[in-house]
């Protein structure tokens with residue numbers, strides 16, 4: 001049996017390689033531009049050794065509520081991801097997986113996790129570097 005004939009069930013068979021992420025020192029404007037340009041719903045960021053996700057919803061909340069409080073849009077957009085994570089920008093802890101994890105296991109989430117079907121898994125190598133992303137879209 002050739003390799004191409006083997007069933008594909010591992011994360012590495014489906015993941016999107018060469019993922020885009022933001023750095024803690026990037027300004028909010030850069031993250032916003034990436035989200036708008038490429039229609040990203042989430043952007044990964046590694047803060048203090050922990051992979052987290054910035055969602056489009058949390059970006060909108062940060063900008064809208066910041067403006068409502070009287071902060072200028074220039075100030076909001078020029079602040080860094082790192083600075084704003086403690087000043088109103090909510091980040092979500094990312095679900096991380098390995099290259100050789102089974103996709104069937106990922107889709108069998110506990111019952112309490114099923115309240116939100118929004119899923120984005122960050123694929124890390126052995127050295128904890130981001131090497132890919134995986135969403136249910138790639139598995140369809």
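Of all residues in segment 75-84, those being in contact (Cβ under 8 Å) with a residue 24 or more places away in the chain and either out of contact with any strand residue (DSSP E or B) (no Cβ under 8 Å at 6 or more places or on another chain) or part of a helix (DSSP H, G or I) (or both) number 6. For segment 53-74, the set of residues classified as outside any helix (DSSP H, G or I) and surrounded by 14 or more Cβ atoms within 10 Å (Cβ to Cβ) consists of 53, 54, 55, 71, listed by residue number.
Number of residues in segment 86-113 that are closer than 19 Å to residue 31 by Cα, touching a helix residue (DSSP H, G or I) at 6+ places or on another chain (Cβ under 9 Å) and at pLDDT below 90 equals 2. Using the structure shown, decide if residue 50 is in contact (Cβ under 8 Å) with a residue 40 or more places away in the chain and surrounded by fewer than 13 Cβ atoms within 10 Å (Cβ to Cβ). Yes. Of the residues 78, 116, 72, the single one that is at pLDDT 95 or above and over 26 Å from residue 8 (Cβ atoms) is 78.
Criterion first (on the phi < 0 side of the Ramachandran plot, in contact with a helix residue (DSSP H, G or I) (Cβ under 8 Å, 6 or more places away or on another chain) and free of Cβ contacts under 8 Å to residues at least 60 places away in the same chain) does residue 60 satisfy it? For residue 60, the condition - on the phi < 0 side of the Ramachandran plot, in contact with a helix residue (DSSP H, G or I) (Cβ under 8 Å, 6 or more places away or on another chain) and free of Cβ contacts under 8 Å to residues at least 60 places away in the same chain - is not met. For segment 14-37, indicate whether the set of residues that are in contact with a helix residue (DSSP H, G or I) (Cβ under 9 Å, 6 or more places away or on another chain), loosely packed, with under 12 Cβ neighbours inside 10 Å and at pLDDT below 95 is non-empty. No.
The values are calculated or read from the model by the stated rules, or taken from the named source; none is laboratory data. All values derive from a computational prediction rather than experimental measurement. Backbone-built Cβ (ideal geometry, glycine too); neighbour counts: all protein chains shown.
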